[in-house]
């Protein structure tokens, strides 16, 4: 039985001859691996292009039933393009196969739109990282609590500890005010946005378990 879904190609790798394995992020099914055959009639789709993806098969590796673009690609350029690759690399390395993520898919699309608009890069990236962490069950407490269940106080300093989450520490790098602003995605100053980037990286590193994000290196800690 053939299924159809909206989605994006986030990665491809050679298989045999003119065949590739495409890793897709789909609106209803999450991440999905599909065998693609390249030809003049059916070229390999491009990243950041909204696609209608048809596929079939019971194994984790699906067969393509046809892939068509239904809207123009998001025009990502320069640093925004690297940010787009960063989103895709996070999805590729952290999302489980066929784990539905409807809300994260919507956030992915809105993030691509904001990156294409080019007005700001850091804020949409932080919002996507927060949404991804929530999807993976490792988000900040929506109730504004630290790892011990105490309310986060804006005047205190905190640190991120892998097994304990946020803990109060007067030598910590993260202000309580910044953490509360991050929960609301409303950062009051560039310094708090910078702190949020470092906090998100530490939280994601816990899940990456030593795997390197090459796109993050290209961004050089500037976004």
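Can you pull out the residues in the stretch 115-159 that are within 26 Å of residue 82 (Cβ to Cβ) and touching a strand residue (DSSP E or B) at 6+ places or on another chain (Cβ under 6 Å)? So that I can check it myself, show each step before the final result.
We begin by selecting, within the stretch 115-159, every residue within 26 Å of residue 82 (Cβ to Cβ); these are 115-136, 138-140.
The answer is none; no residue qualifies.
Among the conditions (1) loosely packed, with under 14 Cβ neighbours inside 10 Å; (2) within 18 Å of residue 133 (Cα to Cα), the only one that residue 30 does not satisfy is (1).
What do you reckon, is residue 166 touching a residue at least 24 places away in the same chain (Cβ under 8 Å), under 23 Å from residue 90 (Cα atoms) and assigned to a helix (DSSP H, G or I)? No, not satisfied. With respect to the conditions (1) out of contact with any helix residue (DSSP H, G or I) (no Cβ under 6 Å at 6 or more places or on another chain); (2) surrounded by fewer than 15 Cβ atoms within 10 Å (Cβ to Cβ); (3) modelled with pLDDT of 90 or more; (4) farther than 30 Å from residue 28 by Cα, residue 163 lacks only one, and its number is (3).
Yes or no, residue by residue, for (1) surrounded by fewer than 19 Cβ atoms within 10 Å (Cβ to Cβ); (2) over 25 Å from residue 24 (Cα atoms):
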| site | (1), (2) |
| --- | --- |
| 109 | yes, no |
| 117 | yes, no |
| 153 | yes, yes |
| 158 | no, yes |
| 186 | yes, yes |
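Hey, among 149, 84, 144, which residue is outside the structural domain of residue 30 (by TED's automatic domain parsing) and at pLDDT 90 or above? Reasoning before the result, please.
Values: 149 fails: at pLDDT 90 or above; 144 fails: at pLDDT 90 or above.
Unique residue meeting the criteria: 84.
Residues that are without any contact (Cβ under 8 Å) to a residue 60 or more places away in the chain and surrounded by fewer than 22 Cβ atoms within 10 Å (Cβ to Cβ) were ranked within the stretch 125-139; the one that is nearest to the chain's Cα centre (by Cα) is 131. Taking the stretch 74-103 as the range and being in a loop (DSSP other than H, G, I, E, B) and crowded, with 16+ Cβ neighbours inside 10 Å as the test, the residues that pass are 74, 76, 95, 101.
Considering the stretch 45-61 alone, what residues qualify as being in contact with a strand residue (DSSP E or B) (Cβ under 6 Å, 6 or more places away or on another chain) and either modelled with pLDDT of 90 or more or on the phi < 0 side of the Ramachandran plot (or both)?
Here is the first cut: in the stretch 45-61, the residues in contact with a strand residue (DSSP E or B) (Cβ under 6 Å, 6 or more places away or on another chain) are 45, 47, 49, 51-57, 60-61.
Those that are in contact with a strand residue (DSSP E or B) (Cβ under 6 Å, 6 or more places away or on another chain) and either modelled with pLDDT of 90 or more or on the phi < 0 side of the Ramachandran plot (or both): 45, 47, 49, 51, 52, 53, 54, 55, 56, 60, 61.
Of the residues making up the stretch 118-160, those that are part of a loop (DSSP other than H, G, I, E, B) and under 18 Å from residue 102 (Cα atoms) number 4. Whenever a residue of the stretch 201-222 is in contact (Cβ under 8 Å) with a residue 40 or more places away in the chain, it has no partner that is exposed (fewer than 10 other Cβ atoms within 10 Å of the Cβ) and part of a helix (DSSP H, G or I) lying with C-beta atoms less than 6 angstrom away and at least six residues away or across chains.
The values are calculated or read from the model by the stated rules, or taken from the named source; none is laboratory data. Keep in mind the model is a prediction, meaning the values are calculated, not measured. Backbone-built Cβ (ideal geometry, glycine too); neighbour counts: all protein chains shown.
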